[in-house]
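Student: Please see the structure below; I have some questions.
The values are calculated or read from the model by the stated rules, or taken from the named source; none is laboratory data. All of these numbers come straight from a predicted model, not from anything done at the bench. Cβ: placed from backbone, ideal geometry, glycine included. Neighbour counts: every protein chain shown.
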Amino acid sequence: MPYAQAEGCKLYYEETGHGAPIVFVHEFGADHREWEAQIRFFSREYRCITYAARGYPPSEVPDDGALYGQEFAAADIAAVMRAAGVAKAHIVGLSMGGFATLLFGMRYPEMASALVVAGAGSGAPKAEHAAFMALNQASSAKLISQGWPGELAQATGQSATRIQLKKKDPRGWAEFVSHLEQHSALGTGLTQRHYQGGRDSIFDWAAALGRMAVPTLLAVGDEDGPCIEANIFLKKTLPNAGLWMQPRTGHAINLEEPAAFNRACQDFFSTVERGRWQLG
């Protein structure tokens, strides 16, 4: 089992396939296993790397809250790449992982050939940001003490932006909830408190985003209400971004519509690799 040494934590990662590298960065409610439909598709032609975020076994679970947060999330992508001997890669992130992918593009642009930022932006609008942080910080105590099995996993899986997966793919939804129930209460609780509940609003990044030239595909479901305003902002702000919206789709866009998501990413990667993403 390969591990990458990151700051204060070892990160478990997996590799599948050969070719140009793609690194997949999971969301808060998932782990590296939720990229399976993408790995099976892209590993035919690419070298696919998935990893479990800090606090998500089989990665280590630091018990110090100071070892969690947005800067660690971006730096951890770089740590996994270095451990795998990858100098530059396409980065694909969902939700919390999409936030980290976006920050990675600003912090480590020389290591990113392309970014797919999917389902990012919950709580980002300025009118919602303080309440979003407070809710995550308050919820973390319950998560640490109670854990995921039962109430919390079921409530998460049936929330307004995730119930679409249950309606479309009951078996896939059941697998998602089963994986969720296996997550570390401490690791996800500290992630919720210090990363989800302590991260910037992407609206505060307008100046830096306006200078980021890494080719970027923004992906969002049209029923992922908390993320739509942020994605419109990102499309207006990022100089080299395109926005793809999948109809009748909620938050877990890669699980709900894997064929459409894979096709959109494949088309994007092909255009970038042929030097035709930025027309001019």
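Student: Restricting to region 109-153, name every residue that is among the charged types (D, E, K, R) and either over 24 Å from residue 206 (Cβ atoms) or in contact with a strand residue (DSSP E or B) (Cβ under 7 Å, 6 or more places away or on another chain) (or both).
Tutor: Once the filter is applied, which keeps residues that are among the charged types (D, E, K, R) and either over 24 Å from residue 206 (Cβ atoms) or in contact with a strand residue (DSSP E or B) (Cβ under 7 Å, 6 or more places away or on another chain) (or both), region 109-153 yields 142, 151.
Student: Let me ask another. Can you name the residue in region 32-67 that is in a loop (DSSP other than H, G, I, E, B) and out of contact with any strand residue (DSSP E or B) (no Cβ under 9 Å at 6 or more places or on another chain) and, of all such residues, is surrounded by the most Cβ atoms within 10 Å (Cβ to Cβ)?
Tutor: First pass over region 32-67, keeping only residues in a loop (DSSP other than H, G, I, E, B): 43-46, 52-64.
So of that shortlist, the ones also out of contact with any strand residue (DSSP E or B) (no Cβ under 9 Å at 6 or more places or on another chain) come out as 44-45, 63-64.
Working: 44: 11, 45: 14, 63: 10, 64: 10.
Here the residue is 45.
Student: Determine whether region 259-276 contains at least one residue that is surrounded by fewer than 23 Cβ atoms within 10 Å (Cβ to Cβ), touching a residue at least 12 places away in the same chain (Cβ under 8 Å), small (Gly, Ala, Ser) and closer than 30 Å to residue 170 by Cα.
Tutor: yes
Student: Considering each residue of region 211-221, count those that are surrounded by 21 or more Cβ atoms within 10 Å (Cβ to Cβ) and outside any strand (DSSP E or B), and give that number.
Tutor: Qualifying residue count for the region: 2.
Student: Residue pairs, Cβ under 6 Å, 6 or more apart or interchain, first in region 187-204 and in a loop (DSSP other than H, G, I, E, B), second buried (at least 22 other Cβ atoms within 10 Å of the Cβ). List them.
Tutor: Cβ pairs passing all conditions: 197/136; 201/124.
Student: Within region 79-96, which residues are more than 21 Å from residue 272 (Cα to Cα) and not in a loop (DSSP other than H, G, I, E, B)?
Tutor: Filtering region 79-96 down to residues more than 21 Å from residue 272 (Cα to Cα) leaves 79-80, 82-85, 95-96.
If the condition is that a residue be more than 21 Å from residue 272 (Cα to Cα) and not in a loop (DSSP other than H, G, I, E, B), then 79, 80, 82, 83, 96 are the ones that fit.
Student: Give the residue that is surrounded by the fewest Cβ atoms within 10 Å (Cβ to Cβ), with candidates limited to residues of region 232-249 that are of a type in the set (A, V, I, L, M) and part of a helix (DSSP H, G or I).
Tutor: 232
Student: Among 219, 252, 213, 259, which is the only one that is farther than 30 Å from residue 58 by Cα and among the small types (Gly, Ala, Ser)?
Tutor: On the way: 219 fails: farther than 30 Å from residue 58 by Cα; 252 fails: farther than 30 Å from residue 58 by Cα; 259 fails: farther than 30 Å from residue 58 by Cα.
Just a single option satisfies the conditions, and that option is 213.
Student: Given 162, 107, 171, which one is crowded, with 21+ Cβ neighbours inside 10 Å and either at pLDDT below 95 or of a type in the set (Lys, Arg) (or both)?
Tutor: Values: 107 fails: crowded, with 21+ Cβ neighbours inside 10 Å; 171 fails: crowded, with 21+ Cβ neighbours inside 10 Å.
The match here is 162.
Student: Then there's this: Is there a residue being over 21 Å from residue 31 (Cβ atoms), in contact with a Gly (Cβ under 8 Å, 6 or more places away or on another chain), crowded, with 17+ Cβ neighbours inside 10 Å and touching a residue at least 40 places away in the same chain (Cβ under 8 Å) anywhere in region 133-151?
Tutor: yes
Student: In a helix (DSSP H, G or I), modelled with pLDDT under 95, out of contact with any strand residue (DSSP E or B) (no Cβ under 8 Å at 6 or more places or on another chain) and surrounded by fewer than 17 Cβ atoms within 10 Å (Cβ to Cβ): does that describe residue 208?
Tutor: Here the answer is no, as residue 208 does not meet what is asked.
Student: Here is a follow-up. Please verify whether residue 229 is in contact (Cβ under 8 Å) with a residue 40 or more places away in the chain, part of a loop (DSSP other than H, G, I, E, B), under 25 Å from residue 258 (Cα atoms) and over 16 Å from the mean Cα position of the chain (by Cα), treating the condition exactly as stated.
Tutor: no
Student: Okay, next question. Considering only region 120-135, I want to know if a residue exists there that is under 16 Å from the mean Cα position of the chain (by Cα) and under 25 Å from residue 267 (Cβ atoms).
Tutor: Pass one, region 120-135, residues under 16 Å from the mean Cα position of the chain (by Cα): 120-124.
Now restrict to residues that are under 25 Å from residue 267 (Cβ atoms): 120-121.
Yes: region 120-135 contains one or more residues that are under 16 Å from the mean Cα position of the chain (by Cα) and under 25 Å from residue 267 (Cβ atoms).
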